[in-house]
Each structure stands twice: as C-alpha cells, then as structure tokens.
Amino acid sequence: MQQTSETAHRLRARTFTCMGTVISLAVPTDAHKAPQAAADELEAATAVVECLFTELDSIFSLYRPDSEASRLVRGELALPEASEEMRARYEEAAEWRLLTEGSFTPERPDGALDLSGIVKGHAIREAGMSLLALGMANWCLNAGGDVLVSGSPNPGTDVPWRAGIVDPADRRTLLAGFPLGGAALGLPRLGEKTADGGTRAALATSGSAERGDHIWGVTAGAAEFRQVSVAAADVVTADVLATAIMAGGVPMLNRATAMWDIEALAVRTHGELLATGGFRR
Amino acid sequence: MRIRAAVSAALASAGILLVGWQSGVHVSDTRSAVAAAATGNQASGTGITDSSGAASSESAASSGTTGNSGTTGSSGAAGASGTSGAPGAAAKAGGTYDGDVVQTRFGTVQVQITVKAGQITDVTALKLTDAEGRSVQISNYAAPVLRDEVLQAQSADVQTVGGATVTSDAYLTSLQAALDAANL
C-alpha cells in the first residue's frame, strides 16, 4: 500500500441491511456530473442491488421459516421440485464440494441442505453484473466483509481500490491491506496476469471471529485457522475457497493456492500468518 | 500359457525399466529373472541410449531378445514393454532434454532437464513468461510470514474493509461502518 492517499475523488456510499449483515456500495464522486445526478445514480444503483439481495435472501434464508430453503430443510419440498435458482445454486455448490474434496459442502453436519456458504457470494456476483449493466464502471461493493470492486476509486486511472483486512484479534485494527481492481471487471486484458496482486476484483474472508464457529471442519485440522482471506478474480471463487480453507486447514490452503489463481492470507489460531506472494510486501 | 506370457512380459519390461535407471551404473545386482533380463539389456544398453528419444516397442523387443533367453522377450514382451512407460527412462541415460511447451494459467511454460547417469541433475525453465514477456510467479503457496511482512494498511488509508462476515449489530462498531459514515 505504498499508494499515498491521494483521495482527490471523494467516495459516496450507501448501505442497507440484508442476509443478517450490512451491504455497502461506494462509488467515486464524478466531477463531470452534477452532484444531484450522481447522488440519484448511486441511489438507484443501491436500490437495484438491495432488490437483488432481498430476493435471494427470501429464497435461501434459513432464518425465514417461509423461505424455499427452509421448506427444503423441513422436507416439505424435494430438490427436484425446487426452483431453478435453488437447483442452480445447489449444482454450483456441489461442484465446489468436488473441487475442494469436501472442504466446502452445501450440507450441514446433520445432512440438512445449507447453501448459505455460496448465496452471499452469488448475490455479490449478480449485483456486480447488474451494476455493470447499469453502465457503472467504478464501484466497490462490500457485503459483510466480502468485497467486489470494479474499476478504480480514481475514475479514468488504473489506481486500485485499497482494501484492508480486519485483525481477528482486534477488529478495530487492520491486519493487512490488499489492492483490488484497477481494471474493468470481466474485461481482463490479454496477458494481464494477477500475480502482482493488482488486478484482482474480489476479496473474501472467512473466520470464526464474528459469527462464532459456523464453519464446520471436515478434517482433524479444522481449528487450524482463525481467519482466512482469499483474493481472486471473481467473488464466488474467493468466498468458497476462503470457507474451504477455513474448514480444511493447511492441506486445503496448499491445494487452493496450487490449483486456483488466488492470493491467500491465513491467520492461525495463535495469530501466526501464512501468506502467498501477493500479500507480502 | 497366456499367464506365463504376461508374467514374462512384466518381467521383461521391469528389466528395461531397471536398465533405464541404472544404465551407466554397474548392475551389480544378480537376482533371478529380473536381474537376468536387466543384465541382458545392459549389454545392448548403449545402443538403446543412442537411439531416438522414444524407444519404440520395436527396439525394446529387440533388446529383450538379444539379451537373454528368447522366451522372455517373446511377442508378449514386445507389446508390454511398448506400453510400460519404460522407453523414456531406458532411452535417456544422459544429456539434456526439452519438455513440451505447456500452456498454464501462468503463461507458457517449457522446461529442460539435464540427466546424468540416469538421474535428473537439473531442471531449467526455458519459457516462463506471459504474453507480455514478463516473468511471472509460477509456484504460488502460502508461507509463514511475520506481521510486518504483509502489505500494510491503515484504516485512514483504505476504502473498504474485508473480514469475516459481520452481523448487522457488529457492523455498527466496525471499521467499515466508520468508512461508510464518512462517505455518506
């Protein structure tokens, strides 16, 4: 983060609550637009994102007794009769279970279907596509600590967004930083590799610090990590792999860094760090 | 008879494998049929080494029959040694060899190995660049680091904060909430 904080472009942010957390959308203020027009644009964009999150939550929330997911868990509905959206997410989650050799799973230990591990990432992904479809090139979407960005906080430049990662031992401080974005999402230029960490659009973090141990380990090394952050080109990959590494410990961490084009920062139970090159100074 | 042929075939290909690993080194081992096949091939070992990279089943078969009792290197052996994976090992006793050009997610990769006395003594990257000609990191793994070795960030200097999912209650006292409030 040697980038000096030249925030010539002030950010504007809007937030809403969904899926038990807070989602915030930040965009740089545009000097070429009338302030009111820019504010209206952000307002409208936030409404689109909120609508999308709310709709997915109404399908997948296990906190809502009337959701489709809750009906599935209660056995009132079988997966083959479930909505296309439900089946698509199940299929995606099942694929990730194979790819992570079971470290990521769409099922709770008691066998009940639980797609919440993939739904938030999916919602962020869909929201990102909607924002791009609205013609917005520069934005930062943060859903309860998982981040997807597009473009730059300084429009017209390739200056990346600067993300901080919270210290699980003291969430008032930051453990590390990571540059995100700096190039248009979904338009990777040929040969633009992300080994330097400058062009990843998504950062997801999984941990036991905030919500308690809602991640269940599949191996003996389950409690190896307190927090795992993964930066990747897309948010579902980052989110799923962070969850998988949290559950699968060091073997899954090594597998993930070898198989996927990601950067990872893992905090061990006693605070020691493991980091890939992109997270190192 | 069929079983015998299969066993002979297996022995013969095992022998060829042994030669591959040990050619240039003395085969001091004199154990039963396998050793017999191995030493038998050892006699014509240099011939195999000089032949083209992929020792075809033809040359494998011929060496099998030259070496020892023709029964071992019968038609069954020829087929078996062709598929046993022995040729690479058997043929390459020394020198440098270029691998195939492989497309990976890190770009185009090609390696060269140096073999001495049947052992790989060096691996060199011939091509290890992406489309723009920059060299890129190829082995990505998470290593232990100290806190001051990771990318640093101050809360005043970031635009967003990542962390394990915060509940909407916890959000109120989070750094992200402070950032959002500053940008409202």
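We did not get these values from a lab; they are worked out from the coordinates using the rules stated. Here the structure is a predicted model, which is why all the values come from computation and not from measurement. FYI the Cβ positions are ideal-geometry reconstructions off the backbone, even for glycines, and counts take in every protein chain you see.
Return the inverse of the average 1/r over all pairs of distinct C-alpha atoms in the range A:22-66, which is the Kirkwood hydrodynamic radius, in Å to one decimal.
12.4 Å
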Sorted from largest to smallest, which semi-axis lengths in Å does the alpha carbon gyration tensor of chain A give for its equivalent ellipsoid, taking the root of 5 times each eigenvalue? 30, 25, 16
Tell me the label-point distance for the pair A:Ala94, B:Ala181, using the 7 Å Cα-to-Cβ offset, in nm and rounded to one decimal. 4.7 nm
Kirkwood-type radius of the range A:24-136, with distances r between different C-alpha atoms, in Å: 15.9 Å
Cβ-based exposure ranking for A:Met136, A:Met129, in which fewest neighbours within 10 Å come first: A:Met129, A:Met136
Based on Cα coordinates alone, diagonalise the gyration tensor for the range A:55-191, multiply each eigenvalue by 5, take square roots, and list the semi-axes in whole Å, largest first. 33, 19, 15
Are there any trypsin sites (Lys or Arg not before Pro) in the range A:46-137 that are in a DSSP loop and have at most 12 other Cβ atoms within 10 Å? List them by number. A:Arg74
At a 10 Å Cβ-Cβ cut-off, how would you order B:Tyr141, A:Tyr90, fewest neighbours first? B:Tyr141, A:Tyr90
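Around A:Thr15, what is the net charge, scoring Lys/Arg as +1 and Asp/Glu as -1 over all other residues with Cβ under 10 Å from its Cβ?
Result for the neighbourhood of A:Thr15: -1.
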Simple spin-label model, 7 Å along Cα-to-Cβ: A:Ala133 to A:Ser58 in nm? 1.7 nm
The FRET efficiency for B:Gln112 and A:His32, from their Cβ-Cβ distance with R0 = 35 Å and rounded to 0.05, is 0.05
How far apart, in nm, are two points set 7 Å out from the Cα along the Cα-to-Cβ line at A:Glu43 and at B:Asp122? 7.0 nm
Taking amide H positions as placed in the peptide plane 1.01 Å from N, state which residues far from A:Arg12 in sequence (5 or more) or on other chains have amide H under 5 Å from it. A:Val27, A:Thr29
Rank A:Ala47, A:Ala204, A:Ala133 by mean-square fluctuation in a GNM of chain A with C-alpha springs under 10 angstrom and give only the top-ranked residue. A:Ala133
